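Below is one structure, written out as structure tokens; comments come after it.
The values are calculated or read from the model by the stated rules, or taken from the named source; none is laboratory data. The model shown is predicted, which means the values in this text are computed figures rather than measured ones. As a convention, Cβ positions derive from the backbone with ideal geometry for all residues, glycine included, and neighbour counts pool all protein chains shown. Just the protein is used for accessible areas: all its heavy atoms, side chains included, with ligands, DNA and RNA removed. Shrake-Rupley method; radii C 1.70, N 1.55, O 1.52, S 1.80 Å.
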Amino acid sequence: MNPAFFQDMAPPPDLYAVDRALAAELRWRLPADVAVIMGPRYEALGKATTGELLALSEEAERDVPRHVPYGPWGRRVDELRLSPAWKGLKEFSASHGLVAAGYDPRLGSHRRVAQAAMLHVFSATSASAMCPLAMTDAAARVLTDLAPAPLRDRLVPRLTSSEPASFITSGQWMTERTGGSDVSGTSTVARRLQSGTPEGDVYGLHGVKWFTSATTSEMALALGRIDDDGAVVDGSKGLSLFCVDVTRNDDDSGYLGITVNRLKDKLGTRALPTAELTLTGVPARLLGEPGQGVRSIVGMLNITRFYNAIAASSAMAQAVFRARAYSWKRSAFGLPLAGQPLHAATLDAVEADAAGALALVMELGWLMGKAETGVASDDEKRRLRALIPLAKLTTGKQVVSCVSECLECFGGAGYVEDTGLPRMLRDAQVLPIWEGTTNVLSLDVLRAEQRDQAFSAVLSWLSDGVRGLSATLPTSALLTLQDTATRLVLAAQAASAAGGSILESRARALALTTGYAAEALLLAQTAEKSGKSDAVQRFADFVSHRLCLAV
Ligand code: MFK
């Protein structure tokens with residue numbers, strides 16, 4: 001008995017330094033010239049995550065956003081009061097080139113893998129600053145593809161800037177009271193203000209946006225329905241995409257053409273300002289063709305879903321390494337937790353889970369980088385189309401269970417707010433929800449199959465990959481993965497033959513099983529390429545954890 005005993009807990013780690021799965025991925029995925037460019041950047045970022053970034057994020061989490069609707073004399077001011085640390089996080093993101101890396105020509109087709117590693121190191125300590133970065137990167141992509149040259153040249157260099165003074169962020173305004181998953185009921189209307197300006201046709205937007213994250217961003221992409229003298233097309237085919245400059249009125253009496261109704265009181269991501277907005281004619285430029293708004297904004301969603309998967313892999317890795325660090329410091333029943341077989345096995349399982357999520361993120365980054373630089377084959381493009389929703393939905397489910405398991409590793413401390421641990425679980429819970437729920441994305445995979453045979457491309461890649469694995473991998477794990485891949489193909493064929501509601505009702509099970517099988521295959525390939533025993537062990541642990549009962 002020691003009445004003077006107080007438990008010690010390690011702070012969040014530098015993931016670049018401790019995450020062996022990340023090191024294994026980077027070793028085989030980055031060519032030497034890219035590794036030379038990125039190595040020092042990863043090191044600097046990793047070190048900063050335990051210093052400058054940690055201080056900024058803790059401050060932003062303490063000093064959460066507030067909405068001040070009225071000034072002292074009753075005038076509408078709609079001030080969104082944010083911690084100076086939130087601005088600091090934005091500057092930090094710019095100076096480390098977190099968005100810029102995705103557009104860096106020196107990184108060639110490896111740009112998205114190189115960027116994913118940075119974001120994996122950054123996200124879990126970012127106080128949700130990952131959210132505006134996701135939308136910023138996605139807006140840069142959409143503007144690059146769709147905006148008239150003057151608009152593109154005004155905004156894209158700033159969205160992708162590494163200079164804090166010029167870096168701007170973007171929002172994504174889709175969700176309305178009628179629905180987040182189903183945008184066909186969008187009631188925001190767009191009335192023409194000016195035609196044929198160099199930056200495109202200008203419309204005034206009128207409506208209510210129900211969730212707008214990172215509301216203090218300098219711009220946003222928004223869906224609206226063009227109202228041509230009372231003629232409005234219903235449903236999602238009537239939606240168009242608009243680019244909004246978010247500006248304050250000259251006399252600082254709120255935002256130009258926007259009223260902030262209130263900030264959302266959310267379970268997590270509390271440092272992130274998420275508002276309900278009423279648009280009262282805010283000027284916005286049409287992007288792409290009228291009526292093609294959904295088609296246009298899915299280009300944005302594909303990037304934000306990639307970021308979502310990275311946010312999941314990052315949160316999982318941080319939770320795992322915090323739990324592991326604790327297991328060295330905490331003793332029970334006369335032994336450190338780390339030395340107790342069942343606890344150690346639990347930690348190995350969650351570490352393998354995090355490694356699986358990261359492997360899928362890296363594969364996605366590899367395919368995205370190839371597609372964006374025009375070197376992806378048709379088969380790779382089809383695979384990418386399905387892997388985006390598959391990666392988002394699979395990692396979204398993994399992160400919640402993995403972080404929950406890690407909190408359990410801390411016992412009661414994992415349930416006590418001032419340890420900072422419960423916040424990890426609250427923040428994780430948004431990842432299966434925003435950017436498409438598990439069911440919506442499972443149905444998206446079905447549609448991608450029906451339109452482009454994209455799911456078939458994933459299944460073929462999976463079957464071929466599993467067949468190509470070497471017999472030197474642990475036999476039981478290998479057999480389980482082979483069995484899963486075979487049964488998956490049969491289950492997909494049966495569901496497809498049944499069609500209709502039976503096919504839909506099985507979409508989620510098929511999607512999640514495919515996501516886990518893909519992760520297992522990628523871990524096996526990483527293990528083969530690295531030849532390291534810890535990578536082989538992660539493959540075996542992952543298979544036990546996610547593909548079969550752990551016996
Ligand atoms: C850490 C990271 C954090 C990121 C944070 C961001 C915070 C922002 C918070 C939010 O904004 S959350 C709101 C996010 N909202 C969603 O994710 C919407 C979820 N719903 C869907 O994804 C629906 O499936 C969808 C709205 C797309 C359905 O609408 P529709 O009108 O029924 O679309 P449809 O008919 O399925 O697809 C229209 C076209 O787009 C089709 O092409 P065609 O017209 O040529 O046939 C589709 O093939 C195509 N399409 C759909 N999804 C696609 C796609 N193409 C490529 N990629 C996709 N993902």
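Which residue, of Leu133, Leu143, Leu151, is buried (at least 23 other Cβ atoms within 10 Å of the Cβ) and either in contact with a Lys or Arg (Cβ under 8 Å, 6 or more places away or on another chain) or of a type in the set (S, T, N, Q) (or both)? Working first, answer last.
Details: Leu133 fails: either in contact with a Lys or Arg (Cβ under 8 Å, 6 or more places away or on another chain) or of a type in the set (S, T, N, Q) (or both); Leu151 fails: buried (at least 23 other Cβ atoms within 10 Å of the Cβ).
One residue alone meets the criteria, Leu143.
One residue is enough: does region 221-239 have a residue meeting the conditions over 21 Å from Ser170 (Cα atoms), of a type outside the set (Gly, Ala, Ser) and in contact with a Ser or Thr (Cβ under 6 Å, 6 or more places away or on another chain)?
Looking for residues that are over 21 Å from Ser170 (Cα atoms), of a type outside the set (Gly, Ala, Ser) and in contact with a Ser or Thr (Cβ under 6 Å, 6 or more places away or on another chain), one finds at least one in region 221-239, hence yes.
In this structure, is Gly97 without any contact (Cβ under 8 Å) to a residue 24 or more places away in the chain and open to solvent by less than 40 Å² (accessible area, probe 1.4 Å)? Working first, answer last.
Numbers: without any contact (Cβ under 8 Å) to a residue 24 or more places away in the chain: no; open to solvent by less than 40 Å² (accessible area, probe 1.4 Å): yes.
So Gly97 does not fit the description; no.
Looking at Lys87 and the list (1) surrounded by 14 or more Cβ atoms within 10 Å (Cβ to Cβ); (2) touching a residue at least 60 places away in the same chain (Cβ under 8 Å), which single condition is not satisfied?
It is condition (2) that Lys87 fails.
Restricting the first residue to region 289-302 and requiring it to be touching a residue at least 12 places away in the same chain (Cβ under 8 Å), which pairs with a second residue that is of a type in the set (Val, Ile, Thr) and within 8 Å of the ligand (Cβ to nearest atom) meet a Cβ separation below 9 Å and a spacing of at least six or different chains?
The qualifying pairs are Gly293/Val183; Val294/Val183; Ile297/Val183; Leu301/Ile388; Asn302/Ile388.
If we only count helices (runs of 4 or more DSSP H) wholly inside region 429-535, which ones have 2 or more residues that are more than 16 Å from the ligand (Cβ to nearest atom)?
Values: elements: 438-452, 454-467, 475-498, 500-530.
Result: 454-467, 475-498, 500-530.
When region 250-280 is examined, which residues are found to be within 16 Å of the ligand (Cβ to nearest atom), assigned to a loop (DSSP other than H, G, I, E, B) and among the hydroxyl-bearing types (Ser, Thr, Tyr)?
If the condition is that a residue be within 16 Å of the ligand (Cβ to nearest atom), assigned to a loop (DSSP other than H, G, I, E, B) and among the hydroxyl-bearing types (Ser, Thr, Tyr), then Thr269 is the only one that fits.
In this structure, does Ser501 turn out to be in contact with a Cys (Cβ under 9 Å, 6 or more places away or on another chain), open to solvent by 40 Å² or more (accessible area, probe 1.4 Å) and either over 22 Å from Lys381 (Cβ atoms) or touching a residue at least 12 places away in the same chain (Cβ under 8 Å) (or both)?
Taking the combined requirement at face value, the residue does not satisfy it.
Scan region 200-217 for residues that are open to solvent by less than 60 Å² (accessible area, probe 1.4 Å) and either within 30 Å of the chain's Cα centre (by Cα) or on the phi > 0 side of the Ramachandran plot (or both) and jot them down. Don't jump to the end; show me each part of the working.
As a first pass, look at region 200-217 and keep what is open to solvent by less than 60 Å² (accessible area, probe 1.4 Å): 200-205, 207-209, 212-217.
Those that are open to solvent by less than 60 Å² (accessible area, probe 1.4 Å) and either within 30 Å of the chain's Cα centre (by Cα) or on the phi > 0 side of the Ramachandran plot (or both): Gly200, Leu205, Gly207, Val208, Lys209, Thr212, Ser213, Ala214, Thr215, Thr216, Ser217.
Being touching a Leu at 6+ places or on another chain (Cβ under 9 Å) and farther than 16 Å from Glu79 by Cα is the requirement here; does Val260 meet it?
In short, no.
For Ser313, state whether it is open to solvent by less than 30 Å² (accessible area, probe 1.4 Å) and either within 21 Å of Gln537 (Cβ to Cβ) or free of Cβ contacts under 8 Å to residues at least 24 places away in the same chain (or both).
Working: open to solvent by less than 30 Å² (accessible area, probe 1.4 Å): yes; either within 21 Å of Gln537 (Cβ to Cβ) or free of Cβ contacts under 8 Å to residues at least 24 places away in the same chain (or both): yes.
Answer is yes for this residue.
Could we say that Gly414 is away from the ligand (no atom under 11 Å from the Cβ), open to solvent by less than 30 Å² (accessible area, probe 1.4 Å) and in contact (Cβ under 8 Å) with a residue 40 or more places away in the chain here?
No, not satisfied.
Kindly list the number of the only condition in (1) under 19 Å from Tyr516 (Cβ atoms); (2) in contact with an Asp or Glu (Cβ under 8 Å, 6 or more places away or on another chain); (3) assigned to a helix (DSSP H, G or I) that fails for Gly414.
Just one mismatch for Gly414, condition (1).
For the subset of region 300-318 comprising residues that are more than 7 Å from the ligand (Cβ to nearest atom) and of a type outside the set (A, V, I, L, M), which member is farthest from Ala222 (Cα to Cα)?
Result: Gln318.
Residues checked against (1) under 21 Å from Gly97 (Cα atoms); (2) open to solvent by 30 Å² or more (accessible area, probe 1.4 Å):
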position: Phe5; (1), (2): no, yes
position: Asp8; (1), (2): no, yes
position: Arg29; (1), (2): yes, no
position: Ala32; (1), (2): yes, yes
position: Glu52; (1), (2): yes, yes
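Assess whether Glu380 counts as being at pLDDT 95 or above and within 16 Å of the ligand (Cβ to nearest atom).
Criteria met by Glu380.
Condition first: on the phi > 0 side of the Ramachandran plot and either surrounded by fewer than 22 Cβ atoms within 10 Å (Cβ to Cβ) or over 12 Å from the mean Cα position of the chain (by Cα) (or both). Now tell me which residues in region 429-457 satisfy that. Write out each step before concluding.
Our first condition is that a residue be on the phi > 0 side of the Ramachandran plot; within region 429-457, this holds for 435-436, 453.
Matches in region 429-457: Gln453 only.
Please state which of the following conditions Arg426 fails to meet, knowing it meets all the rest: (1) surrounded by 21 or more Cβ atoms within 10 Å (Cβ to Cβ); (2) within 15 Å of the ligand (Cβ to nearest atom).
The one condition Arg426 does not meet is (1).
Please determine whether any residue of region 288-296 is assigned by TED's automatic domain parsing to the domain that holds Phe211, assigned to a strand (DSSP E or B) and loosely packed, with under 15 Cβ neighbours inside 10 Å.
The answer is no, given that none of the residues of region 288-296 is assigned by TED's automatic domain parsing to the domain that holds Phe211, assigned to a strand (DSSP E or B) and loosely packed, with under 15 Cβ neighbours inside 10 Å.
Find the strands (runs of 3 or more DSSP E) located wholly in region 130-249 whose residues include 1 or more that are more than 12 Å from the ligand (Cβ to nearest atom) and among the polar types (S, T, N, Q), and list them.
Because the criterion is at least 1 residues that are more than 12 Å from the ligand (Cβ to nearest atom) and among the polar types (S, T, N, Q), the strands (runs of 3 or more DSSP E) in region 130-249 that meet it are 189-197, 239-245.
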